[in-house]
Amino acid sequence: MGLLPSAPTVELRVPGIIFLGQPATIQIDVTAKEATKIDFVKVRVQGRQGWEVGSGKSSISHAAIYPNLEIRLAGPGTLEPGTVEYQATFTLPADAAPTHDQSPAYARLVVLVHVSIPWWPDGRYRYELDARLPVHGDLVRQPVTTRSTDQPNKPRLELALGSSRLIVGETLVGSCALFHIDDKKPREIELDLVPELALFGRGRPRERTGRSLRLVYEMPAGSAGTSIGFRLPIPKNLTPSFRSATHELRWWLIAKTGSFFGPSAEVVVPLQLVDRSAAARTPHLAVAPRLADQNVAARFDEFARANGYQPVDASKDSDLHPMIARQIGDHIFTLAYAYRGKDGTALVGRLAHPSLGLDLSVVPGSTLRHAFFHDIEVDDAAWDRAHHVTARSSEQAIPFLRQVVPVLQQIAAAKVGAFVGWDDDAIVFERPITTLTAADLQQLSRVAEPVGKAIVAALPAIAPPPGVVVDVAAWHRLAKTLDTDAVIGELAVDGTLDGIAVGVALAWDTAEPPSPRAIRVHVGDAVHASELLRRIALEIPTPTLPSAGAQLPDGVGDALARWPLDVRDLHVADGVASAELDLPADRTADATRALDLVRALRALLALLDPGAGPYR
């Protein structure tokens, strides 16, 4: 026929909003310049979600592809010159994740169009769409009234909200009242709308708190016992509350007043945010985007080019713009500009460091925290007064903190930046500013090197979790085998073996306080697993003795029969195999046996996936 095999052009059109759990139709326009033979035209709709925390070799991530829908639009034939319109109808699962970039998690909806041309490079096209959470029925409001304490004659903050169920883009309406607090002078109330992410996968759940949305308003002098209203606009680009396979997003409202030197009170209320489509019949306020002006952007650009920083695309929901970052060994130091309206402006410095594994939380202290919550002290009176410290184990945390705290005290004395918070993955400082100068950027950047060096130097002081017997050198050898570093604080190794994701960590019982009961091992990931392997699901409590009615793939039963008797709770799901190795009576966490289980799980994945995949 003399046909020239030229790849056609493709245009994707979405006639409406794509909601999870509801049918959606997209139109694919395929335009051929000449008559073109094809084998098929297919479209694949993929939900890609996951998260990443830490930096350097201690970086830990988890990803999943859900859903993964394929629709065949055309079979073998010829595309005549002109445009052919195809329609693809599909339904995204209701438990998938809405499109978002709520750091450190993300979710995207990707459409892949494949035009197969025989004996010629195929036409492949990629598009990203937005998927949103539907709202079923009318929004049922849930009014809230709560207080910081029920104790009589104690400083008390009472909070009332029109509803704890809110629409993204509308205005939260509420009121506060103060009792048993001196009202001779005006008093500020801080309201923080705080996102909290629960991260699933890689052996154990992790929780991270994102940047909050803050409103500060004033209670007038003489207003004690009087309800004073407030209005907090909720930006329409915030991600609604949801739960998916890899992470869950929850929202909290925190109202607080007071300081270290006087009476203080705090109230925390869980909120549920729903998609803005629920506001079809309810008008809501429009929120202007927060953007740094041209002078700020220029200052950041000049400083970045002179000091080896690179620009960073901050989350669209963040108030940190612009943002630059620099790699310092295994650390990543970011500098960002924060414009917070009535709260003023600040420079924010964040040092992401190798994971500590202490379940550490350090925040500025307050009268309420020190009065009602036990914390860890390092016998530095100034530090202990000014900070509230918690961790899984004080005997693990104190030797490490005693080495780092003197450096943090020096930073505080130099007044280059105010301490904001510290957890297992990062430490944050802020520097309030009025007009941004190069000196401000230079001053705050000076916290990175001394703090980073102090943390690295103190890491060997972190002992393994109490309750286990550990050969630390053996765990470091295991980490080296997996091309990563061991997090001795929680006895965890997250790395790779021949390019395959591997996670090794302690599993804990549900007692209070919890104690380690086993070593949990994960091998594989959904991104690199074949479609066949992702469809396989196994749950076997005792691998050496599967139940009589269990339907196992060929060869699997014989392979499991050779496993040690103390290996339990085998799971295979979404291309990942995991199992637990019971701790013996002497509570020894054996790194060599953990590596044996890694190899056994990899061999199991190879047996389940007969193709030439990564497990071969």
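The values are calculated or read from the model by the stated rules, or taken from the named source; none is laboratory data. Predicted model only: the values in this text are computed from it and were never measured. All Cβ positions, glycine included, derive from the backbone under ideal geometry; neighbour counts span all protein chains shown. Accessible surface is based on the protein model in full, side chains and every heavy atom, while ligands, DNA and RNA are left aside. Shrake-Rupley method; radii C 1.70, N 1.55, O 1.52, S 1.80 Å.
Miscellaneous remarks
Conditions tested, residue by residue: (1) closer than 18 Å to GLY50 by Cβ; (2) open to solvent by 20 Å² or more (accessible area, probe 1.4 Å); (3) of a type in the set (A, V, I, L, M); (4) without any contact (Cβ under 8 Å) to a residue 60 or more places away in the chain.
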{"position": "ARG520", "(1), (2), (3), (4)": "no, yes, no, no"}
{"position": "VAL523", "(1), (2), (3), (4)": "yes, no, yes, no"}
{"position": "ALA529", "(1), (2), (3), (4)": "yes, no, yes, no"}
{"position": "GLU539", "(1), (2), (3), (4)": "no, yes, no, yes"}
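- Residue in segment 576-590 that is open to solvent by 30 Å² or more (accessible area, probe 1.4 Å), within 22 Å of ASN68 (Cα to Cα) and either touching a helix residue (DSSP H, G or I) at 6+ places or on another chain (Cβ under 6 Å) or at pLDDT below 90 (or both) present: no
- Check on THR496, hydroxyl-bearing (Ser, Thr, Tyr), under 30 Å from ALA458 (Cβ atoms) and in a helix (DSSP H, G or I): no
- Residues considered: THR31, THR25. Of these, the only one that is open to solvent by 10 Å² or more (accessible area, probe 1.4 Å), under 28 Å from PHE242 (Cα atoms) and touching a Pro at 6+ places or on another chain (Cβ under 7 Å) is THR25.
- The residue that is surrounded by the fewest Cβ atoms within 10 Å (Cβ to Cβ), counting only those in segment 426-440 that are in contact (Cβ under 8 Å) with a residue 60 or more places away in the chain and in a loop (DSSP other than H, G, I, E, B), is THR434.
- Meets criteria (surrounded by 15 or more Cβ atoms within 10 Å (Cβ to Cβ), under 30 Å from ASN68 (Cβ atoms) and either within 36 Å of the chain's Cα centre (by Cα) or aromatic (Phe, Trp, Tyr) (or both)) for VAL567: no
- For segment 10-33, the tally of residues that are more than 14 Å from VAL84 (Cβ to Cβ) and outside any strand (DSSP E or B) stands at 7.
- Residues of segment 528-551 satisfying the condition of being assigned to a loop (DSSP other than H, G, I, E, B), under 30 Å from ALA585 (Cα atoms) and at pLDDT 85 or above: PRO541, THR542, PRO543, THR544
- Within segment 447-461, the presence of at least one residue that is farther than 30 Å from GLU302 by Cβ, touching a residue at least 40 places away in the same chain (Cβ under 8 Å), of a type outside the set (Lys, Arg) and open to solvent by less than 20 Å² (accessible area, probe 1.4 Å) is confirmed.
- Check on VAL470, surrounded by fewer than 22 Cβ atoms within 10 Å (Cβ to Cβ), closer than 27 Å to LEU401 by Cα and touching a strand residue (DSSP E or B) at 6+ places or on another chain (Cβ under 8 Å): yes
- Residue selected from segment 514-527 under the condition under 27 Å from ALA585 (Cβ atoms) and of a type in the set (Gly, Ala, Ser), by the criterion modelled with the lowest pLDDT: SER515
- In segment 50-99, the qualifying residues are those that are part of a strand (DSSP E or B), among the small types (Gly, Ala, Ser) and in contact with a Gly (Cβ under 7 Å, 6 or more places away or on another chain), and the one that is most open to solvent (accessible area, probe 1.4 Å) is SER61.
- Filtered by the rule that a residue be without any contact (Cβ under 8 Å) to a residue 60 or more places away in the chain and of a type in the set (Ser, Thr, Tyr), segment 224-277 gives THR226, SER241.
- Applying the criterion of being touching a residue at least 60 places away in the same chain (Cβ under 8 Å) and not in a strand (DSSP E or B) to the residues of segment 579-589, the residue that is farthest from the chain's Cα centre (by Cα) is ASP586.
- ALA511 being farther than 18 Å from LEU482 by Cβ and assigned to a loop (DSSP other than H, G, I, E, B): yes
- Within segment 1-31, the set of residues being in contact with a strand residue (DSSP E or B) (Cβ under 7 Å, 6 or more places away or on another chain), of a type outside the set (Lys, Arg) and at pLDDT below 85 comprises LEU3, PRO5, SER6, ALA7, PRO8, THR9, VAL10, GLU11, LEU12, VAL14, PRO15, ILE17.
- If you check ASP558, ASP525, ASP483 for being charged (D, E, K, R) and in a helix (DSSP H, G or I), only one passes: ASP558.
- From the list ARG147, ARG165, ARG141, the one residue that fits, being at pLDDT 80 or above, open to solvent by 10 Å² or more (accessible area, probe 1.4 Å) and within 18 Å of TRP251 (Cα to Cα), is ARG165.
- Residue within segment 480-493 that is touching a strand residue (DSSP E or B) at 6+ places or on another chain (Cβ under 6 Å), among the acidic types (Asp, Glu) and surrounded by 22 or more Cβ atoms within 10 Å (Cβ to Cβ) present: no
- Selection within segment 399-425 - of a type outside the set (D, E, K, R), farther than 13 Å from VAL389 by Cβ and buried (at least 22 other Cβ atoms within 10 Å of the Cβ): GLY417
- Checked against (1) closer than 28 Å to PRO465 by Cβ; (2) without any contact (Cβ under 8 Å) to a residue 40 or more places away in the chain; (3) assigned to a helix (DSSP H, G or I); (4) out of contact with any helix residue (DSSP H, G or I) (no Cβ under 6 Å at 6 or more places or on another chain), ALA412 passes all but a single condition, namely (1).
- Test result for ALA107, part of a strand (DSSP E or B), surrounded by 15 or more Cβ atoms within 10 Å (Cβ to Cβ) and under 32 Å from the mean Cα position of the chain (by Cα): yes
- Positions within segment 181-232 being surrounded by fewer than 17 Cβ atoms within 10 Å (Cβ to Cβ) and of a type in the set (A, V, I, L, M), in sequence order: ALA198, VAL216, ALA221, ALA224, ILE228
- Hits in segment 265-276 - residues which are modelled with pLDDT under 90 and touching a Pro at 6+ places or on another chain (Cβ under 7 Å): ALA265, VAL274, ASP275
- Residue in segment 391-402 that is touching a helix residue (DSSP H, G or I) at 6+ places or on another chain (Cβ under 6 Å), within 23 Å of PHE300 (Cα to Cα) and either of a type in the set (Ser, Thr, Tyr) or not in a strand (DSSP E or B) (or both) present: no
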